[in-house]
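K.L.:
Have a look at this one before I ask anything.
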Amino acid sequence: MKLLVTGGTGFIGSHTVVALIEAGHEVVIVDNLVNSQRNVVTKIKRITGVKPLFYKVDVAHEKGLRKVFSEHKFDAVIHFAGLKAVDESVEKPLMYYRNNLDSTITLLELMREFGVKNILFSSSATVYGTPKRVPLKEEDPIGGTTNPYGTTKLFIEQILMDFVAANPGFKAVSLRYFNPIGAHPSKLLGESPSDIPNNIMPYISRVANGKLSHLNVFGDDYETPDGTGIRDYVHVMDLAYGHLLALKAFEFDHAYNVYNLGTGKGTSVLELVHLYEKANRLKIPYVIGPRRSGDIAESFADISKAKTELGFVPQYTVKDACRHAYLFEKKQK
Ligand code: WQD
């Protein structure tokens with residue numbers, strides 16, 4: 001297939017582009033590089049032998065994106081582009097709503113105009129809000145998001161549902177990611193935020209590499225076996241293959257479809273720290289602190305729908321992801 005990948009130089013986008021190219025798809029990337037680097041394109045070439053076509057375009061910029069659509073005939077779009085920092089979204093909600101919603105609407109308008117009928121969307125387990133039960137299933141209620149970033153994901157899912165309902169022949173698939181971690185085994189691609197990381201894995205990797213002194217564990221008084229928060233950490237390459245498999249869903253009858261992408265297993269913060277220590281034979285100093293506001297005790301996926309309908313079976317362990325994340329961070333300055 002010929003695919004337009006928005007946000008294709010970002011963390012999940014870049015790994016997915018590798019999986020797509022390796023499976024023989026033709027990829028065109030658009031990204032405004034607000035949270036990624038242009039040299040990712042060269043790194044993708046080093047891994048796959050193929051350099052994807054790259055446009056430095058903001059997806060919300062209609063004129064720039066129109067040029068891309070007019071120069072290519074796409075079979076589908078994979079839409080990763082978006083702002084994703086939870087804290088920042090609380091401080092600057094309008095920026096998040098403007099950016100994430102505008103870009104999606106502009107993209108859908110152009111898809112409709114150019115007759116590109118399939119879209120795969122980067123959603124998040126955050127749309128489930130505070131889970132009533134775990135593991136989370138796709139049919140569980142969504143809503144009650146605790147920050148504007150999460151609410152943009154929720155709104156975009158609704159926009160996609162309304163869009164395909166109003167435009168016969170169009171199909172949309174939302175992939176709800178749990179907690180993506182790790183890096184490409186080549187150490188060329190990974191996650192290294194420019195500021196102090198908000199997410200646990202890049203934070204631990206900076207501690208492991210001596211760039212930060214210790215991990216702050218956000219609360220040990222949750223109702224979980226060791227008191228720390230439980231999440232479903234999924235290796236970014238497994239997530240990438242999940243996108244490849246999800247392209248199959250465009251052949252199904254449903255105009256709108258949703259899949260959880262995780263591993264189906266929960267890991268606590270302290271378990272993650274210990275797995276990281278074992279994987280890399282080092283010690284992670286940590287300090288138990290108060291809970292972080294907006295955090296939930298436990299979230300992990302039921303992945304049986306993705307497994308049955310798409311053949312999604314994660315291959316990497318959390319320990320593998322800890323190893324890859326460490327090695328990637330070690331290479332960063
Ligand atoms: C995981 C666990 C923390 C940092 C968020 C977004 C979600 C998705 C992924 C992406 C929790 C604990 C964390 C630290 C800690 N969005 N923790 N010390 O909050 O599950 O999900 O990122 O773009 O939409 O909400 O992920 O990695 O921040 O936290 O103890 O320094 O680690 O309390 O239990 P989260 P996370």
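The values are calculated or read from the model by the stated rules, or taken from the named source; none is laboratory data. Computed from a predicted structure; not experimentally measured. Glycine gets a Cβ as well: all are built from the backbone with ideal geometry, and neighbour counts include every protein chain shown. Accessible surface is based on the protein model in full, side chains and every heavy atom, while ligands, DNA and RNA are left aside. Shrake-Rupley method; radii C 1.70, N 1.55, O 1.52, S 1.80 Å.
K.L.:
Among the residues of segment 98-110, is there at least one that is within 17 Å of Asn257 (Cβ to Cβ) and touching a Gly at 6+ places or on another chain (Cβ under 7 Å)?
P.N.:
No: zero hits.
K.L.:
Among the helices (runs of 4 or more DSSP H) contained in segment 1-71, which hold 1 or more residues that are of a type in the set (Phe, Trp, Tyr) and at pLDDT 95 or above?
P.N.:
Values: elements: 11-22, 40-48, 62-71.
Helices (runs of 4 or more DSSP H) meeting the threshold: 11-22, 62-71.
K.L.:
Check segment 238-256 and report whether any residue there is part of a strand (DSSP E or B) and basic (Lys, Arg).
P.N.:
No, that holds for no residue.
K.L.:
While we're here: Condition check: within 13 Å of the ligand (Cβ to nearest atom), free of Cβ contacts under 8 Å to residues at least 60 places away in the same chain and touching a helix residue (DSSP H, G or I) at 6+ places or on another chain (Cβ under 7 Å). Does Asp226 satisfy that? Please lay out each step first, then the result.
P.N.:
Values: within 13 Å of the ligand (Cβ to nearest atom): yes; free of Cβ contacts under 8 Å to residues at least 60 places away in the same chain: yes; touching a helix residue (DSSP H, G or I) at 6+ places or on another chain (Cβ under 7 Å): yes.
Yes.
K.L.:
Find the residue count for segment 234-268, including only residues that are within 23 Å of Gly294 (Cβ to Cβ), hydroxyl-bearing (Ser, Thr, Tyr) and open to solvent by less than 10 Å² (accessible area, probe 1.4 Å).
P.N.:
1
K.L.:
Still on this structure, I have one more. Do the conditions hold for Gly262, that is, is it within 29 Å of Thr146 (Cβ to Cβ) and under 18 Å from the mean Cα position of the chain (by Cα)? Show your work before the answer.
P.N.:
Numbers: within 29 Å of Thr146 (Cβ to Cβ): yes; under 18 Å from the mean Cα position of the chain (by Cα): yes.
Yes: the conditions hold for Gly262.
K.L.:
Scan segment 121-137 for residues that are more than 12 Å from the ligand (Cβ to nearest atom) and buried (at least 18 other Cβ atoms within 10 Å of the Cβ) and report the count.
P.N.:
Of the residues in that region, 4 qualify.
K.L.:
Out of all the residues in segment 285-301, which are more than 9 Å from the ligand (Cβ to nearest atom), in a loop (DSSP other than H, G, I, E, B) and crowded, with 18+ Cβ neighbours inside 10 Å?
P.N.:
Listed by number, the list holds a single entry, Phe300.
K.L.:
Right, here's the next one. Would you point out which residue out of Pro197, Pro185, Pro202 is on the phi < 0 side of the Ramachandran plot, free of Cβ contacts under 8 Å to residues at least 24 places away in the same chain and over 14 Å from the mean Cα position of the chain (by Cα)? If you could, list the steps in order and put the result at the bottom.
P.N.:
Details: Pro185 fails: free of Cβ contacts under 8 Å to residues at least 24 places away in the same chain; Pro202 fails: free of Cβ contacts under 8 Å to residues at least 24 places away in the same chain.
Selected residue: Pro197, the only one of Pro197, Pro185, Pro202 that is on the phi < 0 side of the Ramachandran plot, free of Cβ contacts under 8 Å to residues at least 24 places away in the same chain and over 14 Å from the mean Cα position of the chain (by Cα).
K.L.:
In segment 180-214, which residue that is charged (D, E, K, R) and over 23 Å from His243 (Cα atoms) is surrounded by the fewest Cβ atoms within 10 Å (Cβ to Cβ)?
P.N.:
First pass over segment 180-214, keeping only residues charged (D, E, K, R): 187, 191, 195, 206, 211.
Remaining after also requiring over 23 Å from His243 (Cα atoms): 195, 206, 211.
Details: Asp195: 8, Arg206: 19, Lys211: 13.
Filtering segment 180-214 for residues that are charged (D, E, K, R) and over 23 Å from His243 (Cα atoms), the one surrounded by the fewest Cβ atoms within 10 Å (Cβ to Cβ) comes out as Asp195.
K.L.:
Which one is nearest to the ligand (Cβ to nearest atom), of the residues in segment 199-223 that are closer than 30 Å to Lys307 by Cβ and not β-branched (Val, Ile, Thr)? Step through it out loud before you land on a result.
P.N.:
Within segment 199-223, the first condition is being closer than 30 Å to Lys307 by Cβ, and the residues that meet it are 199-202, 204-205, 222-223.
Those left that are additionally not β-branched (Val, Ile, Thr): 199, 201-202, 205, 222-223.
Values: Asn199: 3, Met201: 6, Pro202: 8, Ser205: 11, Tyr222: 8, Glu223: 13 Å.
If we take residues in segment 199-223 being closer than 30 Å to Lys307 by Cβ and not β-branched (Val, Ile, Thr), then Asn199 is nearest to the ligand (Cβ to nearest atom).
K.L.:
Is it the case that some residue within segment 138-146 is open to solvent by 40 Å² or more (accessible area, probe 1.4 Å), away from the ligand (no atom under 15 Å from the Cβ) and touching a Leu at 6+ places or on another chain (Cβ under 7 Å)?
P.N.:
First, the residues of segment 138-146 that are open to solvent by 40 Å² or more (accessible area, probe 1.4 Å): 139, 141-142, 144, 146.
Still in the list and also away from the ligand (no atom under 15 Å from the Cβ): 139, 141.
Going one step further and asking which of them are touching a Leu at 6+ places or on another chain (Cβ under 7 Å), we end up with none.
Checking segment 138-146: not a single residue is open to solvent by 40 Å² or more (accessible area, probe 1.4 Å), away from the ligand (no atom under 15 Å from the Cβ) and touching a Leu at 6+ places or on another chain (Cβ under 7 Å).
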